[in-house]
2 protein chains.
Amino acid sequence: MRLLIYRFLAEKQVAVTLSDIENAFDKADRTTLYRTIKTFEEKAIVHQIDDGTGITKYALCEKGCNCEIETDLHLHFHCNNCNETVCLTAHKIPQIKVPKGFVSENVNLVVKGICDKCSGH
Amino acid sequence: MRLLIYRFLAEKQVAVTLSDIENAFDKADRTTLYRTIKTFEEKAIVHQIDDGTGITKYALCEKGCNCEIETDLHLHFHCNNCNETVCLTAHKIPQIKVPKGFVSENVNLVVKGICDKCSGH
DNA sequence: GCACTAATGCACTTCCATTGCATGCGTTAA
DNA sequence: TTAACGCATGCAATGGAAGTGCATTAGTGC
């Protein structure tokens, strides 16, 4: 089961919602998928993405994806056209300056727009 | 009613959830507050913030807060300690580079950590 | 006062995230 | 061989937030 879910995530190049997984595995129960994902999260196999659609998505952690590190520098791109969210691990987030007294531990950056597939390039 | 809500938002220096407003106005109905906020949003009086807690928050737009512009460069700080989210309008977001084929329309940047109140400075 | 519009309140629905409880299955220990 | 245990799975139910339809009330202009 977990292997199947892992492969599903590996094939998908985009972040998926729980519903996506649910639809892909009709046989399995919501709860199982949910808990599997949670397990993956704990083991730092996948990471959670909040792209502003209100639905949490998940994506496999790749090389260079240091989710476990506190100063996580993730960049996610959400397409307003196809509604897909991709993980741009190659693009690092520039250092963000915060005012005095503030301590930065984590940065979440979501860029919205049109993705490469939809823009036609 | 709307004036009361406006004043409430003005007093608060942090972004608030619908529940926060609801608690502050026991007399009023949820729907009224909800629709009032929506109206404010349309009129660009407040803007919505998604700080990753899963609950959408709202904050007054200030001078220099160009929510209405597509290339909205907002920086929000979410404190992991007191769970409050503040709007750092003074801090602009640096230009984000996206890969070829991607078109950036909107940027959402949330920094998490410890705020000035909680860090003791 | 009358009519019209805007604002408010109530009830209901939907959607997603999460949890409690029961079941099944494989492994270990008596 | 069997009893006990841990773990994965499934079903059902809960809770919280967002959103909507409809009736009622409050204003506003005439």
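The values are calculated or read from the model by the stated rules, or taken from the named source; none is laboratory data. Because the structure is a prediction, the values reported are computed rather than measured. So basically every Cβ, Gly included, is an ideal-geometry build from the backbone, and we count neighbours across all protein chains shown. These area figures cover heavy atoms from the full protein model, side chains too; ligands, DNA and RNA do not enter into them. Shrake-Rupley method; radii C 1.70, N 1.55, O 1.52, S 1.80 Å.
Looking only at the range A:89-121, how many residues end up being without any contact (Cβ under 8 Å) to a residue 24 or more places away in the chain, in a loop (DSSP other than H, G, I, E, B) and farther than 28 Å from residue B:115 by Cα?
To start, the set of residues in the range A:89-121 that are without any contact (Cβ under 8 Å) to a residue 24 or more places away in the chain comprises A:91-103, A:116, A:119-121.
Among the residues that remain, those that are also in a loop (DSSP other than H, G, I, E, B) are: A:91-102, A:120-121.
Narrowing the set further to residues that are farther than 28 Å from residue B:115 by Cα leaves A:120-121.
Adding up the residues that qualify gives 2.
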query = Is the range A:32-53 home to any residue that is at pLDDT 90 or above, within 16 Å of DNA strand D (Cβ to nearest atom), in a loop (DSSP other than H, G, I, E, B) and surrounded by fewer than 20 Cβ atoms within 10 Å (Cβ to Cβ)?
reply = no
inquiry  = residue B:2 - would you say it is modelled with pLDDT under 90 and of a type outside the set (Asp, Glu)?
reply    = yes
Flag if residue B:75 is surrounded by 15 or more Cβ atoms within 10 Å (Cβ to Cβ), at pLDDT below 90 and more than 7 Å from every other protein chain (Cβ to nearest Cβ) = yes
request  = Might you check whether a residue that is part of a loop (DSSP other than H, G, I, E, B) and either open to solvent by less than 50 Å² (accessible area, probe 1.4 Å) or within 16 Å of DNA strand C (Cβ to nearest atom) (or both) occurs anywhere in the range A:17-25?
outcome  = yes
message = List pairs: first residue in the range A:31-59 and closer than 15 Å to residue A:2 by Cβ, second residue of a type in the set (Gly, Ala, Ser) and more than 14 Å from DNA strand D (Cβ to nearest atom) anywhere in the structure, Cβ distance under 7 angstrom, at least six positions apart or on different chains.
response = A:46/A:59; A:58/A:15
inquiry  = So in the range B:85-121, with the set limited to residues that are open to solvent by 60 Å² or more (accessible area, probe 1.4 Å), more than 7 Å from chain A (Cβ to nearest Cβ) and not hydrophobic (A, V, I, L, M, F, W, C), which one is nearest to residue B:55 (Cα to Cα)?
reply    = B:117
ask   = Would a scan of the range A:29-40 turn up a residue that is away from DNA strand C (no atom under 15 Å from the Cβ), within 21 Å of residue A:54 (Cβ to Cβ) and within 15 Å of the chain's Cα centre (by Cα)?
value = no
